[in-house]
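Quick notes on the structure that follows.
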């Protein structure tokens, strides 16, 4: 998972090949020999499947896996899929957005502390950031069932403080779903943030304080703007998997808290409704791409890719 | 100014570190629960709460039917996917950092996209491919492996590329100056220096593969991996032994990371 931090830094400054002299003879083709196997794999099993997904989304909805499918250019699959599922679709973006916001609020102080305050404990703290996420995603999420359970410590404390009513609960509510999403995707936020904070020259912050900026003003005018690439990368890396997730909604929420992932999973699984599932997948992907482009434009980091 | 500045400085010195440590502590709460529950002696089958202490989950980890078989499948797929993705990804990283070829921008985009695509979309498009080409009856071990190599590949490329880009090319020039040919330079100088990056990428690939549920579940057919076993049991009753596996995963990974970083530090000292 340490790669995520590097993703952030890698994406923005693409190193050019270090080679100075022109490759000669057979060496000229080495690059192609090295790159082609991997590109073929991604082409066959990442790009071409998108074509299959588009084809599937245009199948005659009367077909099943068993009777076979036919491409009948059934654009109505899209309208059906969206009109029947606009609530889970909206909810995915709402829950994913909230979780991303909370990840930013929790992750920024943590990344800041590691980058500037941890001193010689920096590497240890980085390991500790990733360590909890070595246990299985599902087992972690199940243990939130216990933490947020009705007779658990958290609920009882909140009831005692009268923040939660006497019959109030957390498990099987949207709060639990957002809590789970926030927890599970936190490192995707912390690592890119750390990567960009770590690269800030501390002399710039000193210069701000020499010029009589208060620490808060110095932070707002120097540190925060310089860490924006990390904020952008972290937000995207958190939001995208969170919006597509269905594990948290399934294990921590009610059926009425279901997200778009739950619907797609259900269509493919028991429902056998492949065309609608494919259409919904493509709608999710398109919406995410639009958001990514919009967000990257607004945030001014146009060289993300 | 200094009267205003001093409390501000104290706050930024200590408060931020405190908040950071609190957030860190919060991330360990579920882990503490997993470790605790691995010693749980459940009173009833369907309640998931701590009822009493027992060693029996650790003594009989394979008691739940099918769990150890699922762990084995996950380990096998994890190892093969790691091998495939690490080889393909390392080659790609070398090409990107060290060689010229046409289509560099497209290649970068193709490598970036899988990391920016929700798993549910990747999983469903692969399923659409397998079903559309008539392989729906063959879903199982091999289709899972194909999927895992695919989504691990980009992470390997990024990790190895970062290490390779940070490499001081003068070390290689020095080897060449000392009459090493290209082959010797690669195996004696470049490869040992890049190896920690490759190892890190392999560890990352294994943990991504071992833990994947969403893509795997869509393309698994009748094969059951460990995350799928956990998912299935979460719908019925949760055997406490999954927490034994969870605790073991946590401990083993932490040990590996510590060993690698200690070795790395010693290696760095030896080079310096």
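Rule-based calculations on the coordinates, nothing more; no lab input. Quick caveat: nothing in here was measured; it's all calculated off a predicted structure. Cβ: placed from backbone, ideal geometry, glycine included. Neighbour counts: every protein chain shown.
Averaged over the residues of A:105-118, the number of partner chain Cβ atoms lying within 10 Å of the residue Cβ comes to 5. Between residue A:289 and residue B:49, the modelled label-to-label distance comes to 4.9 nm, taking each label 7 Å out from Cα in the direction of the beta carbon. Scaling against 2.2 N^0.38 Å puts the C-alpha radius of gyration of the range A:169-251 at 1.47. Averaging over all projection directions, the Cα-based convex hull of the range B:65-238 occupies 12.2 nm² in the image plane. Below 8 Å between Cα atoms, with a sequence gap of 6+, how large is the relative contact order for chain A in percent? Reported relative contact order: 30 percent. The orientation-averaged shadow of the Cα convex hull for the range A:109-196, equal to a quarter of the hull surface, comes to 7.0 nm².
Peptide packing: for B:92-102, A:234-244, the average count of neighbouring Cβ atoms within 10 Å per residue gives the ranking A:234-244, B:92-102, highest mean first. Convex hull volume of the Cα atoms of chain A, normalised per residue: 210 Å³. Hydrodynamic radius of the protein assembly as shown by the Kirkwood approach over all distinct alpha-carbon pairs: 25.4 Å. With the simple spin-label model, which puts each label point 7 Å out from Cα in the Cβ direction, the residue A:121 to residue B:142 separation comes to 5.2 nm.
If R0 equals 56 Å, the separation of the Cβ atoms of residue A:51 and residue B:183 corresponds to a calculated FRET efficiency of about 0.85.
In plain terms, the chain from residue B:259 to residue B:75 could stretch by 64.2 nm, reckoned as 0.36 nm per residue minus the Cα-Cα distance.
Under the criterion of Cα pairs below 8 Å and six or more residues apart, the relative contact order for the range B:65-238 equals 43 percent. Note on B:246-255: average number of Cβ atoms from other chains within 10 Å of each residue's Cβ is 4. Comparing B:41, B:138, B:177 in a Gaussian network model of chain B, where Cα atoms under 10 Å apart are tied by springs, the biggest mean-square fluctuation is seen for B:177.
Descending by average beta-carbon neighbour count within 10 Å, the peptides A:138-145, A:281-288 line up as A:138-145, A:281-288, the highest first.
Remark: mean inter-chain Cβ contacts per residue of B:97-105 equal 6, using a 10 Å Cβ-Cβ cutoff to other protein chain atoms.
Between A:213, A:277, A:149, find the one with the highest GNM mean-square fluctuation for chain A; connect C-alpha pairs within less than 10 Å. Looking only at A:213, A:277, A:149, the biggest GNM fluctuation is shown by A:213. In the elastic network of chain B, a GNM with C-alpha springs shorter than 10 Å, the most mobile of B:191, B:226, B:141 is B:191.
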